[in-house]
Amino acid sequence: MRTRSPFLNHITEFMLTKQYSLRTVDTYLKWISSYINFHGKHHPASMDNNEVVE
(Lines give C-alpha, C1' and ligand atoms only; values in the text may rest on other atoms or scores of the structure.)
Protein backbone atom coordinates (compact mmCIF):
# COMPACT_ATOMS: atom_id res chain seq x y z
CA MET A 1 0.00 0.00 0.00
CA ARG A 2 2.73 2.48 -0.90
CA THR A 3 1.77 5.87 -2.29
CA ARG A 4 3.82 8.72 -3.68
CA SER A 5 3.06 10.82 -0.61
CA PRO A 6 5.33 10.42 2.43
CA PHE A 7 2.44 11.76 4.55
CA LEU A 8 0.03 9.06 3.34
CA ASN A 9 2.74 6.41 3.71
CA HIS A 10 3.20 7.49 7.32
CA ILE A 11 -0.55 7.21 7.95
CA THR A 12 -0.59 3.77 6.34
CA GLU A 13 2.28 2.51 8.49
CA PHE A 14 0.68 3.91 11.64
CA MET A 15 -2.70 2.33 10.93
CA LEU A 16 -1.16 -1.04 10.06
CA THR A 17 0.85 -0.91 13.29
CA LYS A 18 -2.43 -0.39 15.14
CA GLN A 19 -3.78 -3.45 13.26
CA TYR A 20 -6.46 -1.69 11.22
CA SER A 21 -7.80 -3.85 8.40
CA LEU A 22 -6.47 -3.23 4.89
CA ARG A 23 -9.93 -2.16 3.69
CA THR A 24 -10.17 0.39 6.51
CA VAL A 25 -6.73 1.78 5.72
CA ASP A 26 -7.63 2.02 2.04
CA THR A 27 -10.88 3.86 2.83
CA TYR A 28 -9.13 6.32 5.15
CA LEU A 29 -6.46 7.04 2.54
CA LYS A 30 -9.09 7.75 -0.11
CA TRP A 31 -10.95 10.17 2.16
CA ILE A 32 -7.76 11.93 3.25
CA SER A 33 -6.62 12.25 -0.37
CA SER A 34 -10.01 13.64 -1.38
CA TYR A 35 -9.87 16.21 1.44
CA ILE A 36 -6.36 17.29 0.46
CA ASN A 37 -7.25 17.60 -3.23
CA PHE A 38 -10.53 19.42 -2.51
CA HIS A 39 -8.66 22.15 -0.65
CA GLY A 40 -6.10 22.59 -3.42
CA LYS A 41 -3.32 20.86 -1.49
CA HIS A 42 -3.10 23.70 1.06
CA HIS A 43 -1.72 22.87 4.46
CA PRO A 44 -4.45 22.97 7.17
CA ALA A 45 -2.39 25.47 9.18
CA SER A 46 -2.71 27.98 6.32
CA MET A 47 -6.52 27.66 6.16
CA ASP A 48 -8.90 29.87 8.09
CA ASN A 49 -12.13 28.94 9.89
CA ASN A 50 -14.25 29.23 6.74
CA GLU A 51 -12.43 26.28 5.15
CA VAL A 52 -12.28 24.04 8.20
CA VAL A 53 -15.70 23.54 9.81
CA GLU A 54 -16.40 21.13 12.64
(request) Normalise the Debye intensity by I(0) for the chain, one equal point scatterer per Cα, no solvent, then take log10 at q = 0.13, 0.18, 0.21 Å⁻¹ and round to two decimals. (result) -0.37, -0.66, -0.82
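In Å², and per residue, what accessible area does the chain have when probed at 1.4 Å with the other protein chains present?
91
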(request) Compute the signed sum of charges (Lys and Arg +1, Asp and Glu -1) over the other residues within less than 13 Å, Cβ to Cβ, of VAL25. (result) +2
(request) For the chain, give the percent of accessible area contributed by carbon and sulfur heavy atoms, probe 1.4 Å, rounded to a whole number. (result) 56
(request) Relative to the longest principal axis of the C-alpha atoms of the chain, give the angle of the C-alpha long axis of helix 22-38, reported between 0 and 90° and rounded to the nearest 10°. (result) 20
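The values are calculated or read from the model by the stated rules, or taken from the named source; none is laboratory data. In this text the structure is predicted, and so the values were computed from the model without any measurement. Every residue, glycine among them, receives a Cβ derived from its backbone with ideal geometry; neighbour counts consider all protein chains shown. Note: areas computed on protein heavy atoms with side chains; ligands, DNA, RNA excluded. Shrake-Rupley method; radii C 1.70, N 1.55, O 1.52, S 1.80 Å.
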